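K.L.:
The structure is given below, and queries will be raised subsequently.
The values are calculated or read from the model by the stated rules, or taken from the named source; none is laboratory data. Since we're looking at a predicted model, the values are computed, not measured. As a convention, Cβ positions derive from the backbone with ideal geometry for all residues, glycine included, and neighbour counts pool all protein chains shown.
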Amino acid sequence: MLLDFLRGNESDMLYLVGDIVDGWRLKRAWFWRPSHNEVIDEILRKARAGTRVIYVPGNHDEALRPYVGHNLAGVEVIGEAIHETADGRRLLVIHGDHFDGVVMYARWLAYLGDWAYATALRLNDIVAAARRGLGLPYWSLSRWLKNRVKNAVEYITRFENAVVREAQRRHLDGVVCGHIHKAEMRQMGQILYCNDGDWVESCTALVEDYAGRLQIIAWTDAQPALASAPLAKATA
């Protein structure tokens with residue numbers, strides 16, 4: 001799905017907002033399909049063709065953080081960015097794990113949560129295959145569970161409030177982040193909160209057009225016409 005999105009859209013800028021490669025899983029067992037190479041190749045093709053590609057590493061691909069400030073095959077690796085939209089708004093672009101107390105101070109619990117999440121995704125694959133066999137559209141079991149479990153909802157709310165406070169502290173207009181795998185765009189007081197979701201359950205991206213309008217699109221149900229519309233910026 002991600003490969004289809006990348007091939008179907010061109011943009012002046014492409015932000016990769018962390019957790020693009022799951023280093024935590026690769027530590028446990030090697031898992032790398034040919035389609036993964038195709039995603040990397042497509043990103044590098046965009047960089048060679050003139051797209052400015054900015055990679056903000058997350059906690060799962062934290063092995064890239066020592067390379068912050070370097071340019072790797074045309075991809076700029078940075079810790080965070082301030083993006084200015086076409087209509088003049090200044091947005092903080094971060095992955096967001098630094099605002100997650102579990103990741104920062106209870107690493108073992110973060111790994112346990114990662115195992116539980118991976119289990120939910122495996123169940124998600126089974127449900128998705130069954131729905132395809134029945135001719136039903138894609139539906140995410142893991143996302144449904146996340147939205148229903150009280151502790152998960154409270155955790156997401158605390159995370160959103162924390163990154164919004166950081167944008168306020170820096171006198172910015174908004175924040176773009178990832179980390180919690182929940183696509184969202186809404187105004188929180190004076191701050192625009194944007195989370196671009198992920199490509200393992202929601203298959204979403206945040207895009208900006210040349211007028212500065214921002215939109216979250218779900219590639220599972222995007223209209224074909226959208227693929228031909230030029231984008232000023234996309235984040236995945």
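K.L.:
Sort through 43, 82, 20, 94 and tell me the only one that's in contact with a Lys or Arg (Cβ under 8 Å, 6 or more places away or on another chain) and β-branched (Val, Ile, Thr). Steps first, please.
P.N.:
Details: 43 fails: in contact with a Lys or Arg (Cβ under 8 Å, 6 or more places away or on another chain); 20 fails: in contact with a Lys or Arg (Cβ under 8 Å, 6 or more places away or on another chain); 94 fails: in contact with a Lys or Arg (Cβ under 8 Å, 6 or more places away or on another chain).
Being in contact with a Lys or Arg (Cβ under 8 Å, 6 or more places away or on another chain) and β-branched (Val, Ile, Thr) holds for just one of 43, 82, 20, 94, which is 82.
K.L.:
Hey, another quick one. Hey, which of the helices (runs of 4 or more DSSP H) in region 1-104, taking only ones fully inside, have at least 2 residues that are of a type in the set (Lys, Arg) and free of Cβ contacts under 8 Å to residues at least 24 places away in the same chain?
P.N.:
Values: elements: 2-8, 23-28, 34-48.
Qualifying helices (runs of 4 or more DSSP H): 23-28.
K.L.:
Here's something else I'd like to know. So, in region 193-209, exactly how many residues are within 14 Å of residue 9 (Cα to Cα), in contact (Cβ under 8 Å) with a residue 24 or more places away in the chain and not charged (D, E, K, R)? I'd like the intermediate steps shown before the answer.
P.N.:
Start the filter on region 193-209 by keeping residues that are within 14 Å of residue 9 (Cα to Cα), which leaves 204-209.
Retained after the next criterion (residues that are in contact (Cβ under 8 Å) with a residue 24 or more places away in the chain): 205-209.
Filter once more, so that each one left must be not charged (D, E, K, R): 205-207.
Qualifying residue count, region 193-209: 3.
K.L.:
Charged (D, E, K, R) and modelled with pLDDT under 95, is that true of residue 33? Let's see the steps before the verdict.
P.N.:
Working: charged (D, E, K, R): yes; modelled with pLDDT under 95: yes.
Criteria met by residue 33.
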